[in-house]
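Below: the structure, in structure tokens.
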Amino acid sequence: MSTADAILSVDLVSKQFDVSAPWLNRVLERKPRLFVKAVNEVSFSIPRGSCFSIVGESGCGKSTVARLVTGLYSTSAGEIRFGPGTAGRAVRVQMIFQDPQSSLNPRWRVGDIIAEPIREMKLRKTENETRERVEDLLRIVGLAADDVAKFPHEFSGGQRQRISIARALASEPELLVCDEPTSALDVSVQAQILNLMRRLQQELGLTYLFISHDLSVVRHMSDTIAVMYLGRIVEMAPAEVLFTAPQHPYSQLLLGTIPDIHAPNRDRSPQTGEPPSPLDPPPGCTFHPRCPLADARCSREDPVLRAHGRASVSCHAVAEGRAPALDRKDT
């Protein structure tokens with residue numbers, strides 16, 4: 001994918017964490033230092049106005065990528081670059097967190113929560129203009145202007161997430177990093193929040209980096225989807241390509257877990273094994289202990305993310321033509 005018009009480019013980014021025991025314990029118990037490579041040479045770019053989603057099981061590194069992009073973590077290797085912002089300014093990035101209850105200050109009124117970035121960045125000249133902007137943002141996300149005087153505990157989970165979205169929009173960002181923004185909500189409320197985010201994207205020209213473990217959530221949000229496994233991207237493709245013809249065995253495994261009302265009794269390969277410990281990942285392809293197509297090469301040689309049609313896949317079986325095609329166009 002060309003990075004010329006990308007709002008965000010991530011180039012071979014890695015992040016490792018030191019999870020060693022304290023120094024004295026290591027000396028007395030003669031234990032070495034331990035490191036976890038949460039993200040391992042991840043690369044992608046996001047065109048303006050699009051939605052790029054990262055999916056995978058818990059612990060695969062997708063939330064770490066979100067925190068690297070927003071600057072909450074520093075990279076261990078690689079480079080993160082932003083394209084030019086509007087009006088000659090730098091690209092503004094904001095994050096929407098998974099749990100709206102813990103991400104909102106319970107002692108602040110909603111009006112102050114949303115107004116804080118406006119005041120800190122001096123986006124409005126007077127306090128009256130700031131208050132008008134806060135009320136406008138509440139209306140944009142489907143709440144009432146009178147809600148400025150309430151506290152977060154007076155709202156439902158879905159309403160609190162709307163407040164989080166309004167706070168993120170207060171700084172007039174161009175890129176929103178959404179870390180599982182609907183996973184703490186009921187299914188019916190999830191749909192409302194996703195529809196709101198799609199509407200805001202169209203009206204405000206926003207770009208999304210969307211993190212989720214739920215493929216059914218990202219299906220109608222995403223332009224491009226990257227599937228992560230143990231810190232690496234194993235497949236990356238346009239959303240319709242991934243859902244109709246997934247190539248990597250892990251992508252096929254994830255898609256096989258989505259319920260299908262049209263074929264409730266379809267044949268599905270049972271999931272085998274558990275993800276290995278990130279403290280001691282297997283050599284070669286890290287998915288090979290769970291992969292039905294693995295051979296000797298898979299256990300000793302790292303696969304490279306290569307283009308296969310409209311997708312990019314990191315799999316020896318796909319590169320060698322040993323992987324059977326999975327056609328899901330009927331779903």
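The values are calculated or read from the model by the stated rules, or taken from the named source; none is laboratory data. Everything numeric here is computed off the predicted structure, so don't read it as measured data. Quick reminder, even Gly has a Cβ in these numbers, built from the backbone with ideal geometry, and neighbours come from all protein chains shown.
Within the range 54-74, residues that are within 19 Å of Ala6 (Cβ to Cβ) have Cβ atoms under 8 Å from residues that are part of a strand (DSSP E or B) and among the charged types (D, E, K, R) in these pairs: Ala66/Asp179; Leu68/Lys15, counting only partners at least 6 apart in sequence or on another chain. When residues in the range 42-72 are screened for being of a type in the set (Lys, Arg) and assigned to a helix (DSSP H, G or I), 2 of them pass. Pairs linking a residue in the range 215-233 that is surrounded by 24 or more Cβ atoms within 10 Å (Cβ to Cβ) and part of a loop (DSSP other than H, G, I, E, B) to a residue that is of a type in the set (D, E, K, R) and modelled with pLDDT of 90 or more, with Cβ atoms under 7 Å and 6 or more positions apart or on different chains, are Gly231/Lys37.
For the range 61-84, the set of residues classified as more than 19 Å from the chain's Cα centre (by Cα), modelled with pLDDT under 95 and surrounded by 15 or more Cβ atoms within 10 Å (Cβ to Cβ) consists of Gly83 only. Here Ser183 meets the list (1) of a type in the set (Ser, Thr, Tyr); (2) under 16 Å from Ile113 (Cβ atoms); (3) under 27 Å from the mean Cα position of the chain (by Cα) almost entirely, failing just condition (2). With respect to the conditions (1) surrounded by 21 or more Cβ atoms within 10 Å (Cβ to Cβ); (2) outside any strand (DSSP E or B), Ala87 falls short on a single one, namely (1).
Considering only residues that are free of Cβ contacts under 8 Å to residues at least 60 places away in the same chain and within 23 Å of Gly231 (Cα to Cα), look in the range 5-46 and name the one that is nearest to the chain's Cα centre (by Cα).
Here the answer is Ser45.
Of the residues making up the range 147-163, not a single one is in contact with a helix residue (DSSP H, G or I) (Cβ under 7 Å, 6 or more places away or on another chain), touching a residue at least 24 places away in the same chain (Cβ under 8 Å), within 30 Å of Pro303 (Cβ to Cβ) and not in a helix (DSSP H, G or I). Among the residues of the range 46-69, is there at least one that is closer than 14 Å to Arg81 by Cα and among the basic types (Lys, Arg)? Within the range 46-69 (the criterion being closer than 14 Å to Arg81 by Cα and among the basic types (Lys, Arg)), the answer is yes, since at least one residue qualifies. Against the list (1) touching a Lys or Arg at 6+ places or on another chain (Cβ under 8 Å); (2) modelled with pLDDT of 95 or more, the condition Phe52 fails is (1). Right, Ala317: closer than 21 Å to Gly256 by Cβ, modelled with pLDDT under 95 and touching a Cys at 6+ places or on another chain (Cβ under 7 Å) or not? The answer is no for Ala317. Exactly one residue out of Ser251, Ser171, Ser212 is within 30 Å of Thr130 (Cα to Cα) and among the small types (Gly, Ala, Ser), and it is Ser171. Number of residues in the range 248-259 that are of a type in the set (S, T, N, Q) and either in contact with a His (Cβ under 6 Å, 6 or more places away or on another chain) or part of a helix (DSSP H, G or I) (or both) equals 2.
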